[in-house]
Amino acid sequence: ADHDGSITPADFEILADKLSALVGQDDEQRREQYATARKTLCQEIMRADVNQDGKVTLGK
């Protein structure tokens, strides 16, 4: 998302912001539900960044 060649938690945040704008354009409740799901996802991604280096290793 930030064109540096790797996927980091910051990239997920950029993508989530863009999706949030698209998903909730005309529906306040949907926007709130998406924001809650996005927060949960971002928390899980940050938790997966155990050594705080900005990189996440996805399990198989």
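Worth pointing out:
- Computed about its Cα centre, the charge dipole of the chain is approximately 260 debye, with only Lys, Arg, Asp and Glu carrying charge at their Cβ.
- Counting Lys and Arg as +1 and Asp and Glu as -1 over every other residue whose Cβ lies under 11 Å from the Cβ of A35, the net charge comes to +1.
- Convex hull volume of the Cα atoms of region 9-48, normalised per residue: 39 Å³.
None of the figures in this text is laboratory data; all of them are computed from the coordinates on show. All figures in this text were calculated on a predicted structure; none of them were measured in a lab. Neighbour counts run over all protein chains shown; Cβ positions are idealised from the backbone, glycine included.
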